[in-house]
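The values are calculated or read from the model by the stated rules, or taken from the named source; none is laboratory data. Please read all numbers here as calculations on a predicted model, not as lab measurements. Note: ideal-geometry Cβ built from the backbone for every residue, glycine included; neighbour counts use all protein chains shown. Protein only, heavy atoms only, side chains kept; ligands, DNA and RNA dropped before computing areas. Shrake-Rupley method; radii C 1.70, N 1.55, O 1.52, S 1.80 Å.
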Amino acid sequence: MNRRKFLMNSSLMLSSIAISNKALSLSKTESSLSDNNLSISMITKEVDGSLLQLENLIRNSQYSNQDIFFSEYQLLGYHIGDILYIKNNQLVDFRKSNDGLANSLQKISKEQNLPQKLKNPVLLRLHTIQEFAKPQSVSIQSNNSLVDQISIQDTVQSYRVEGKKGHVIFSLKNNRVRVTSTTCKHKTCIKMGSINKPGQKIVCIPNQIMIHINGDQRSGIDSITR
Amino acid sequence: MNKKIKATFIVAFFILSILACSGKEAAFITYTDSKFLMGTIFEITARHSNIAQSREAMQFAFEEIVRIDNLLSSYIEGSEISKINRNAGLERVIVSSETFEILRRAMKYSHNSNGAFDVSVGPLIRLWGFNHDEEVQFPEKSKIDSLLYFVDFRNIILNEKENSVFLQKKGMELDLGGIAKGYAVDQAAQILKRYGINHFIINGGGDIFVAGVKQENKKWVIGVQHPRNLNNMIATMQLSNFAVATSGDYQRFKIINEQRYHHILNPKTGYPANNYQSVTVLAPTAEEADFFATSIFLVGHEQFLANIKRDISYLVILQNGEILFNDIMENTTKLRLTD
């Protein structure tokens, strides 16, 4: 793989960092709601062991009594395996920090020889609040794998996602995502219109593509019957 | 030992015991995952104090959904339903107890709805092209009329002694789309419970089963999709240990000559029913909720409820946009209509 493609594939981690840095510009209200929170993301191939270690780490920390939200995504291709540690909306360089959690993350990182290039790893995410109420990023999944994650503030005229039977093309502008073209016959994904709120998603079932705005649905809805 | 020292130790022991007992339970972990299965998307959210246990249970739940699809899908060549369809008019097919029982319930549903619910509707569904990713075309009336000959649940012959199924006419075709998703949701729910997960939501293409509670001991909140403004909700409900299903004219449809045609076909006419924009119901199982929602959509809520003689919570949206719901829906779910 050439260097350019490797860097493009590594954008998942870089965009996570970029998104996290943008989180620092939360409004006062949102900041106060987000005090004393934690987010750990990890790209790894050692899923079971990493999860056990991360879970124990949180259980033995100041966050032990808080509910934790967890998700995992299969990644395809090459990605930089590493750990991202965000504490109280601040990105923490765990390799330089001395807090208890950071020390534990250093240990995990050393054991797995991170950062390193990994093929088809898994992205693990644990956090103590259901993300930020303000939409931050858009996840793109195809065939049950996470293809990309982009900032909702980007402007993208035409983003093509390859799917099971064909493809979907969507646009992102002014924090709104909409599907503009699809190879599927029913065009339900186009009929969905545009989405701009956390938790909303557009799904193309024949192509097995899901475009999801990350974050907590402020309305507090856990699931939708349709 | 000195009495004073002994007393100190005893007091210390009690204090330490109280402190140990007052320690809080491990915090819950809410784990969400989704997969494209059965021609739709299944999403599971599970709450448990142990990630590994949640992951394992969720994996088994998804595997169960795959197994059920392989058993019941008329679009998978090796399924038992496909085998029954291939032998229509030719010979009976011996099936598993599981498939036999599902079909027995389907026949019961047909009787209870006076034939409005009918799993022999396969030829019509294929003709219209709503399922999976087929081209939707407005069929000629003569073609619809000719296929109605093959649509009648009374020509499905079940033999209990040998667990066999026989479709009496060549050209008949079963399609379990009306209950298979609900059944899969129910079975996946059983798997999660078997593996010690007692707080969860399973959503299979909009058919939902909720168990237990979410954080702060609150009931799960389910949104009812707006049938015309698909990114919004028309109502929300709070639920625990219930199933909910919706049938709507907006899930798979095509506008032809300014007229909306959708996938919920009346098996007696061959055309989509036009009583409602959407019907949402509650039931103890997702399979039953599926059946109730489809039947009410086809027959009408007043007629269906009068026939079935059961209290069913419902929320319906008429073609003119009017929203109707009954008291038990409102009281059971703290139903809230959104503006």
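With θ taken as phi - 60° and the Karplus curve 6.51 cos²θ - 1.76 cosθ + 1.60 applied, the whole-hertz 3J(HN,Hα) list for segment A:64-73 is 4, 9, 8, 5, 10, 10, 10, 8, 9, 9 Hz, x standing for glycine and proline. Taking every C-alpha pair closer than 8 Å and separated by at least 6 residues, the mean separation divided by the residue count of segment B:88-160 gives a relative contact order of 31 percent. Residues B:Glu98, B:Glu216, ordered by accessible area of protein heavy atoms at a 1.4 angstrom probe radius and largest first, appear as B:Glu216, B:Glu98. Derived scalar couplings between HN and Hα for segment B:255-271 equal 8, 10, 6, 6, 10, 8, 10, 10, 8, 8, 8, 7, x, 8, 10, x, 10 Hz in order, rounded to whole Hz, by the Karplus curve 6.51 cos²θ - 1.76 cosθ + 1.60 (θ = phi - 60°), x for Gly and Pro. The residues of chain B present an accessible area of 46 Å² per residue when probed at 1.4 Å with all protein chains retained.
Rg over Rh for the protein assembly as shown works out to 1.02, both radii taken from alpha-carbon positions and Rh defined as the Kirkwood radius.
Judged by the mean number of other Cβ atoms found within 10 Å, the most tightly packed of the peptides B:188-194, B:238-244 leads the ranking B:238-244, B:188-194. Relative to the Cα centre, the charge distribution of the protein assembly as shown, modelled as +1 at Lys and Arg Cβ and -1 at Asp and Glu Cβ, gives a dipole magnitude of about 1340 debye. Buried accessible surface for the A/B pair, both sides summed and rounded to the nearest 100, is 4100 Å² with a 1.4 Å probe. What pairs in B:Lys35/B:Lys161; B:Lys143/B:Lys169; A:Lys201/B:Lys334 have C-alpha atoms more than 29 Å from each other? Violating the 29 Å limit, Cα to Cα: B:Lys35/B:Lys161. Calculate the dipole size of segment A:52-127 relative to its Cα centre from +1 charges on Lys and Arg beta carbons and -1 charges on Asp and Glu beta carbons; express the result in debye to the nearest 20. Using Cβ point charges on Lys, Arg, Asp and Glu, segment A:52-127 gives about 240 debye.
In the protein assembly as shown, the calculated helix contribution to ellipticity at 222 nm averages -9500 deg cm²/dmol per residue, counting -39,500 (n - 2.57) for every DSSP H run with n ≥ 4.
Computed extension gain for B:Gln259 through B:Arg336, at 0.36 nm per residue and net of the alpha carbon distance, reaches 24.6 nm. Going from the chain on its own to the full set of protein chains, segment A:35-55 has these residues losing 40 Å² or more of accessible surface (heavy atoms, 1.4 Å probe, no ligands, DNA or RNA): A:Glu55. Take each residue of peptide B:222-234, count the partner chain Cβ atoms within 10 Å of its Cβ, and average: the result is 4. With a 10 Å cut-off around each Cβ of A:68-74, the average count of Cβ atoms from other chains is 5. Which of the aspartates and glutamates could a cross-linker span from B:Lys214 if the Cα-Cα distance has to be under 18 Å and same-chain partners fewer than 8 positions apart are dropped? Within the straight-line limit of under 18 Å, B:Lys214 reaches these aspartates and glutamates: A:Asp67, A:Glu131, A:Asp216, A:Asp222, B:Glu25, B:Asp33, B:Glu43. Per residue, segment A:112-226 exposes 41 Å² of solvent-accessible protein surface, assessed with a 1.4 angstrom probe and all protein chains in place. The slack in the chain from A:Gln62 to A:Val47, taken as 0.36 nm per residue of separation less the alpha-carbon distance, amounts to 3.0 nm. Screening chain B for DSSP H helices whose Cα atoms reach 15 Å or more along their own axis and whose mean Kyte hydropathy is at least -1.0 gives B:3-21, B:51-72, B:97-112, B:180-194, B:286-299. Counting 0.36 nm for each residue step from A:Ser171 to A:Lys96 and taking away their Cα separation leaves a gain of 23.1 nm. Dipole size of chain B about its Cα centre, with +1 on Lys/Arg Cβ and -1 on Asp/Glu Cβ: approximately 1260 debye, rounded to the nearest 20. Please enumerate, by chain and number, the aspartates and glutamates with C-alpha under 17 Å from the C-alpha of B:Lys268, excluding those fewer than 8 residues away in the same chain. Counting by Cα, and skipping residues close in sequence, B:Lys268 has these aspartates and glutamates nearby: B:Asp118, B:Glu140, B:Asp145, B:Asp152, B:Glu173, B:Asp175.
Bridging of A:Lys96 to aspartates and glutamates at a Cα separation below 18 Å is possible for A:Asp82, A:Glu111, once same-chain residues fewer than 8 apart are set aside. Projecting the Cα positions of A:Ile169, B:Ile308, B:Gly196 onto the charge dipole of the protein assembly as shown (unit charges on Cβ atoms of Lys, Arg, Asp and Glu, taken about the Cα centre) puts A:Ile169 furthest along the positive direction. Here the peptides A:154-161, B:84-91, A:200-207, B:245-252 are ranked by packing, the mean other Cβ count within 10 Å, and the order with the highest first is B:245-252, A:200-207, B:84-91, A:154-161.
Take the Cβ atoms of B:Ser96 and B:Glu56, set R0 to 45 Å, and the FRET efficiency comes out at 0.95.
The relative contact order of chain B, computed from alpha carbon pairs under 8 Å that lie at least 6 residues apart in sequence, is 16 percent. Heavy-atom accessible area for B:Ser79, with the other protein chains in place and a 1.4 Å probe, reaches approximately 0 Å².
Surface composition of the protein assembly as shown: carbon plus sulfur atoms hold 50% of the accessible area, using a 1.4 angstrom probe and ignoring ligands, DNA and RNA.
Assign one of three labels to segment A:28-177, namely rounded, prolate or oblate, based on the Cα gyration tensor with a ≥ b ≥ c the square roots of its eigenvalues; rounded applies when a/c is under 1.5, prolate when it is not and a/b is larger than b/c, and oblate otherwise. Oblate. Per-peptide packing, taken as the mean over residues of other Cβ atoms within 10 Å, places A:61-70, B:220-229, B:118-127 in the sequence B:118-127, B:220-229, A:61-70 from highest down.
Taking every residue in B:32-44 and counting other chain Cβ atoms within 10 Å of its Cβ, the average works out to 4. Short-range pairs are left out: with C-alpha atoms under 8 Å and at least six residues apart, the relative contact order of segment B:190-265 is 22 percent. Modelled spin labels at B:Ala306 and A:Leu76, positioned 7 Å past Cα toward Cβ, are 5.5 nm from each other.
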